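Scroll down for the structure; my scribbles are underneath it.
The values are calculated or read from the model by the stated rules, or taken from the named source; none is laboratory data. Predicted model, so just to flag it, every value in this text is computed and none were measured. Note: ideal-geometry Cβ built from the backbone for every residue, glycine included; neighbour counts use all protein chains shown. Heads up: the accessible areas ignore ligands, DNA and RNA and are worked out on the full protein's heavy atoms, side chains in. Shrake-Rupley method; radii C 1.70, N 1.55, O 1.52, S 1.80 Å.
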Amino acid sequence: MKVLRGTSGVVAAGTFVLTLVVVATAFIGARRGFPGPGGESVAWHVGTSIVVISAQVFADRRRGLAAFSGSMVVFVASGLLLWTQWWS
């Protein structure tokens with residue numbers, strides 16, 4: 001179970017870093033007049049980051065099925081973000 005929580009922690013951290021990159025890109029693009037990610041994409045990333053970090057904290061503080069469920073939320077939410085905002 002520790003490996004699963006550790007892996008979901010890495011995914012949650014990666015999602016957060018990706019969010020920082022998207023927000024910074026939107027800010028820099030807007031200041032310099034270049035196209036960048038739109039408000040919808042920024043909102044998706046920020047919302048997903050909130051969900052995955054909350055789920056990871058939940059998983060880290062629980063054991064058994066609750067920890068497993070929190071880790072699965074991290075994987076599913078991050079996968080949906082990648083699928084909808086990056087691969088489609």
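When the test is whether a residue is hydrophobic (A, V, I, L, M, F, W, C) and in contact with a helix residue (DSSP H, G or I) (Cβ under 9 Å, 6 or more places away or on another chain), Ala77 passes it. Taking the criterion of being hydroxyl-bearing (Ser, Thr, Tyr) and touching a Lys or Arg at 6+ places or on another chain (Cβ under 7 Å), the only residue of the stretch 49-88 that qualifies is Ser71. Taking the criterion of being out of contact with any Phe, Trp or Tyr (no Cβ under 9 Å at 6 or more places or on another chain) and assigned to a helix (DSSP H, G or I), the residues of the stretch 60-79 that qualify are Asp60, Arg61, Leu65, Phe68, Ser71, Met72, Val74, Phe75, Val76, Ala77, Ser78, Gly79. Hey, can you tell me all the residues within the stretch 1-41 that are open to solvent by 40 Å² or more (accessible area, probe 1.4 Å), closer than 19 Å to Ala67 by Cα and of a type in the set (Ser, Thr, Tyr)? Thr7, the sole residue that qualifies.
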